[in-house]
Amino acid sequence: MRVSCRVNGEPRTADDVWAGESLLYLLRERLGLAGAKNACEQGECGSCTVYLDGVPVCACLVAAGQAQDREVRTVEGLTGPDGALDRVQRAFVAAGAVQCGFCTPGLMVAVHDLLARDPAPVDQDIREALAGNLCRCTGYEHIMAAVRLAAATPASTPTGPEGHDDHH
Ligand code: FES
Ligand code: FES
């Protein structure tokens, strides 16, 4: 079947999508967006997290066909059109929260979503928001530091699905 959706603000189409194919496969293998990672394929690690109509989902659990006519935003879409990193992306780098990096794209989407809903989360809120995103490397302290740093960084607007961070 053919699937057409908007991905990071651009209309995209893929042909010959098979029944049962995941949105993660569509993004990575057909559309060349390797940001969302494939770790467990069972909805348990969060490394494949993307926005679907503004709501974070595990792309490995969503059928590609469900994205038809909808808006997908991946970690690549957090970066502004001029290549400027979003405050969440900058904070992860600055806080040393990236080790192997496998969990990082999904975490960035989850943190981006958290801060859009709650600009000043306390640690307990951060832990709860990120409970579905597993990291085998960092012990989470650097990730917590990255979220605090991002929250303390002025948000550039807009932050919606079409938005991008144009802060320099
Ligand atoms: S690869 Fe989707 S949750 Fe782990
Ligand atoms: S940095 Fe390796 S899994 Fe998180």
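Odds and ends about this structure:
- Members of region 58-74 that are closer than 16 Å to residue 114 by Cα and either touching a Gly at 6+ places or on another chain (Cβ under 6 Å) or at pLDDT below 95 (or both): 58, 74
- From the list 50, 75, the lone residue that is within 16 Å of the chain's Cα centre (by Cα), surrounded by 20 or more Cβ atoms within 10 Å (Cβ to Cβ), within 22 Å of residue 150 (Cβ to Cβ) and within 16 Å of ligand 2 (Cβ to nearest atom) is 75.
- Per-region count, region 4-21, residues touching a residue at least 24 places away in the same chain (Cβ under 8 Å), under 17 Å from residue 51 (Cα atoms) and not small (Gly, Ala, Ser): 4
- Evaluation of residue 17 against (1) more than 17 Å from the chain's Cα centre (by Cα); (2) buried (at least 18 other Cβ atoms within 10 Å of the Cβ); (3) within 25 Å of residue 129 (Cα to Cα) (one fails), failing number: (3)
- Unique residue being crowded, with 19+ Cβ neighbours inside 10 Å and not charged (D, E, K, R) when the list is 63, 36, 116, 94: 36
- Put simply, of 93, 55, 109 the only residue that is in the same structural domain as residue 10 (by TED's automatic domain parsing), at pLDDT 95 or above, of a type outside the set (Lys, Arg) and in contact with a helix residue (DSSP H, G or I) (Cβ under 9 Å, 6 or more places away or on another chain) is 55.
- Within region 51-69, the presence of a residue that is over 17 Å from residue 109 (Cβ atoms), within 14 Å of ligand 1 (Cβ to nearest atom) and free of Cβ contacts under 8 Å to residues at least 24 places away in the same chain is excluded.
- Here residue 36 clears all of (1) away from ligand 2 (no atom under 16 Å from the Cβ); (2) within 22 Å of residue 101 (Cβ to Cβ); (3) small (Gly, Ala, Ser); (4) in contact (Cβ under 8 Å) with a residue 60 or more places away in the chain except the condition numbered (1).
The values are calculated or read from the model by the stated rules, or taken from the named source; none is laboratory data. Everything numeric here is computed off the predicted structure, so don't read it as measured data. Note that we place each Cβ from the backbone using ideal geometry, even for glycine, and neighbour counts take in every protein chain shown.
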